[in-house]
Every structure is written in structure tokens, then in C-alpha cells.
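The values are calculated or read from the model by the stated rules, or taken from the named source; none is laboratory data. Keep in mind it's a predicted model, so treat the numbers as computed, not measured. Please note: Cβ atoms are built from the backbone with ideal geometry, for glycine as well, and neighbour counts cover all protein chains shown.
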Amino acid sequence: MNNRTVIGLNLTFFMRALIATVLSFIAMLLPFTGKESGGKNMISTVFSVLSAENSAGISFFLYLAVLFTTASLIVGIASYLKTSVKIVKAWMYVQVCATFFWTMLLFATKIILENSGIEENFLLKNAGIGFWLGILTAYVSLVFIMRVAEKNVGYIVLSILGVIWMFPVLWILLTALRAEQGYYVGYFFPKHLTLKNFYDLFHNSAVPFGKWWLNTMIVAICGCVLNTLIVLGTAFVLSRTRFSGRKPFMNILMIIGMFPGFMSMVALYNILKGLGINQSIGALIVVGAAGAAMGYHITKGYFDTIPKAIDEAAIIDGASRLQIFTRITIPLSKSIIVYQVLGTFLGAWSDYIFPRLLFGDRQSSYTVAVGLFWMTDFRRIDSYYTQFAAGAVVIAVPIVILFIWLQRFYVEGLSGSVKG
């Protein structure tokens, strides 16, 4: 980006950004609270919170929203008087912060106003026009400033969606740290934070979460290894070899795969019960491995992209099919293997329907999905809801670690695959 671009091509966006920033500042002078508290604007609300005997620990969201909105206006005027790449980028970063803190006020205002004694039962529907105008213009300003800074429209949309997608994650984390028990509270940020929910989760005799977690880890690891090996083997055979009945076999697998899996659950349960292995985690592993081959399609499609000339060269050098598979195809297929590992692990880790049917009332065999749902039953949800949230945080940890560890393999392709 250069000065000419800012002054010329993006002048329209620049002026729109500046106008939106001015409106965002004006919003702070309009009614921020409801009529019950006198319709105070944002500035007077800040002074009221500062002078209150009691104030919420998250009142800094209100202060920083005012600070960064004012700073955004100052930097915007400065960039208008002296157009500079650095100033425009600084304006964008300041507005990002302003937009973030305005957004957080959606969830923090209730606690801030009620703890300060400004309002008794604050509801967002009773907020003043300044509140809603400030949030709207904050986002509009951010979009136009990013356009001035020559950020791609897709980048802008993904940035905003990324912020929105983070709220459910933040909400479940805050609920897990919430000291106040109960299913429903009328605020987003807890009044008091504690780690007791995590402690109770693993030390409550009525909730054997540690056992559930171990059951799920066993099922996920065993299922992940077995399913991945079966899928890779099936896909390799169907991709690199030709044999009688190959096409009909592929068609049969495709037709069977079109039917929802839950249609066979009752039959599977009766079979497992007849074998005497129902209500055991081994049954989950067996059932998962038995149907793994039907998920070969994506992996086969990837194997089809590997040049067959590599296989032919290896055969000339005396390599067997097994050696080609283990020493050539697998090293060249790390990205699809990572995809398969993550998919099968996540599927086994979060599976609920079949484990719920299989285990029935045998609580000691529950997986975390079944156990956490048991905690949200209407008879127990008030007592266990914060522990449920803590459990949701705990079960997310293995998935995050596995993804971070394996993501580097996604970008690996066929480099180095040409025979020298």
C-alpha cells in the first residue's frame, strides 16, 4: 500500500471509515443505559462506575471501549491530515481493539451496571441507542479501515466470523470457571472464578469422569489405529491393483455406505448381546473396525494422484507390493493419513448414539460423550452443570494437542517423490 493508493483508489473507503469512526464516538454521547437509570451516556456511565462503592472486576471492558474508540477517532483524523501507511495500519489495529471491547460489552454490561448500582435488572433489550449504535459503527469502521489498508474482503469476513466463533468457546470456559452453581445465570462473565469444578469433576464419587475419560481414550486410540490401517490398506488395494470383482466390490461398499449407520444399531446390539460382549468398550472397537473399510473413498482418491510410474520403478528394482505400500506410498501420503487419523480419533472421541445404546445403565463403561450427557439430565443439570462445562473443556484438550502435533503434515505433498 502506498500514499497514492490511499488518496486515490481507496479514498471512498477512507472517508466512509472516518465517518463511521466519528459516529462511533458520537454513540458514546447518546443514551447508553435505559430510561430507568436516567438514560446516561457512555461517558457519564464510566464516571458513575468509577465513583461507585462496588464495581465489577470486568468494568475495564467499559473503560477500554471508551479509550480505544476515542483513540481510533484521533488516529483517523491524524491519518486524514497526514496520510501514511503506518498511521492507517495503526488506525486499523486500534479499531480492532475498539470493536473487540464494544463486542464484549454485549456480555459484560449487565454485571457492570448491576454491581455498580446503576441498574437493578438490566436487560440488553432496554439498552439505549448509544449502546447499539456504538457496536454497529465499531464493526462498520473496522470493515472500511481494513479496506483502506487493502485487506481482502474474505480476510475481513473471516476475521469477524473468527471473533463470533470464539464466543461459544469462551462461554464454556467461563462456565467451567464459574463459582456460582446452577444451570442458568443471567450474565456471561462469572462474578467469581474458581478451579473447584475441575477438582470436583475428578473427585466426585457419583460422577466417575476419570473412568469415562480413560474408556474414551482407549476406544479412540484403538479405533484410530485399527481404522486407519484398514482404510489405508483397502484404499491402496483398490487404487493400485486390478482384480476380478473389483468394480462390483466398490459399488457394493458405496451402496451400503449410503444407508445411515443408525439403521443397523439395533441389529448390532442384538448380535453383540448374543456374543456376550455388549456393555463393554471392546464392542465399540470391534464395531468401529468392522465398518472402517467403507470409508476408503477419499484415501483412494488421494492414492490415485500418486504417479504409478513410481510403483513401476520400484517393481523393476525388486520391491514387493508391501514394500511399495510401506516405503513409498505411506511416506508420500502423510497429509491424507493425518486427515484419516484426526477424523477417526475425533469420531470415536465424540461418538454418542451407539455407545448410549450399547452401555445402557452400566455407568462404569460410559464414554465421555455419554457421561456428559448423563450430567445434563433435567434431574441433575442444576447440580452438575458447571462440572459438565469443566468436562467439556477437559475433553477438548486431547483433540487440540493432536491437531497441533499433526497439522504440519497437512502441507506436505509429493516433494522428493521423483526417482533419481
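Go over the candidates V286, V338 one by one and state the one that is assigned to a helix (DSSP H, G or I) and under 18 Å from L406 (Cα atoms). Break it down stepwise before answering.
On the way: V286 fails: under 18 Å from L406 (Cα atoms).
Of V286, V338, the one residue that is assigned to a helix (DSSP H, G or I) and under 18 Å from L406 (Cα atoms) is V338.
Hey, could you check the stretch 129-188 for residues that are among the aromatic types (F, W, Y) and at pLDDT below 85 and say which is farthest from K86 (Cα to Cα)?
Within the stretch 129-188, the first condition is being among the aromatic types (F, W, Y), and the residues that meet it are 131-132, 139, 144, 155, 165, 167, 171, 183-184, 187-188.
When the remaining residues are screened for being at pLDDT below 85, the result is 155, 165, 167, 183-184, 187-188.
Working: Y155: 20, W165: 30, F167: 31, Y183: 48, Y184: 46, Y187: 39, F188: 36 Å.
Top of the filtered list is Y183.
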For the structure I just gave you, tell me whether F144 is outside the structural domain of V49 (by TED's automatic domain parsing) and crowded, with 21+ Cβ neighbours inside 10 Å.
no
Apart from one, (1) touching a helix residue (DSSP H, G or I) at 6+ places or on another chain (Cβ under 7 Å); (2) modelled with pLDDT of 85 or more; (3) closer than 26 Å to G282 by Cα all hold for Y384; the odd one out is (3)
For the stretch 341-354: of the residues being surrounded by fewer than 16 Cβ atoms within 10 Å (Cβ to Cβ) and part of a helix (DSSP H, G or I), which is farthest from the chain's Cα centre (by Cα)?
I353
Out of all the residues in the stretch 198-208, is one or more modelled with pLDDT under 85 and hydroxyl-bearing (S, T, Y)?
yes
Among the aromatic types (F, W, Y), surrounded by fewer than 16 Cβ atoms within 10 Å (Cβ to Cβ) and farther than 19 Å from V163 by Cα: which single residue out of Y93, Y63 fits that description?
Y63
Looking at (1) small (G, A, S); (2) touching a Lys or Arg at 6+ places or on another chain (Cβ under 8 Å); (3) more than 20 Å from I324 (Cα to Cα), which one does S244 not meet, given that it meets all the others?
(2)
Look through the stretch 366-381, keep the residues that are at pLDDT 85 or above and assigned to a helix (DSSP H, G or I), and return whichever of them is surrounded by the fewest Cβ atoms within 10 Å (Cβ to Cβ).
F373
What are the pairs with Cβ atoms under 6 angstrom where one residue, in the stretch 83-104, is over 12 Å from S24 (Cβ atoms) and the other, located anywhere, is assigned to a loop (DSSP other than H, G, I, E, B) and not hydroxyl-bearing (S, T, Y)? Sequence gap at least six, or different chains.
V85/M1; V88/A149; K89/A149; M92/A149
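Within the bounds of the stretch 295-302, is there any residue that is hydroxyl-bearing (S, T, Y), in a helix (DSSP H, G or I) and touching a residue at least 12 places away in the same chain (Cβ under 8 Å)? Steps first, answer last, please.
Quick first cut of the stretch 295-302, residues hydroxyl-bearing (S, T, Y) only: 296, 299, 302.
Within this subset, residues satisfying the condition of being in a helix (DSSP H, G or I) are 299, 302.
If we keep only those that are touching a residue at least 12 places away in the same chain (Cβ under 8 Å) too, we end up with 299, 302.
Within the stretch 295-302, one or more residues are hydroxyl-bearing (S, T, Y), in a helix (DSSP H, G or I) and touching a residue at least 12 places away in the same chain (Cβ under 8 Å).
If I filter the stretch 202-224 for residues that are without any contact (Cβ under 8 Å) to a residue 40 or more places away in the chain, of a type in the set (F, W, Y) and under 30 Å from A56 (Cβ atoms), do I get at least one hit?
Step one: of the stretch 202-224, the residues without any contact (Cβ under 8 Å) to a residue 40 or more places away in the chain are 202-203, 205-206, 210, 214.
From the residues that got through so far, the ones that are of a type in the set (F, W, Y) too are 202.
Next cut, under 30 Å from A56 (Cβ atoms) only: none.
Checked the stretch 202-224: no residue is without any contact (Cβ under 8 Å) to a residue 40 or more places away in the chain, of a type in the set (F, W, Y) and under 30 Å from A56 (Cβ atoms).
Mind listing whichever residues of the stretch 65-82 are closer than 13 Å to F25 by Cα and among the hydrophobic types (A, V, I, L, M, F, W, C)? Break it down into steps so the answer makes sense when it comes.
Filtering the stretch 65-82 down to residues closer than 13 Å to F25 by Cα leaves 65-77.
Passing the criteria: A65, V66, L67, F68, A71, L73, I74, V75, I77.
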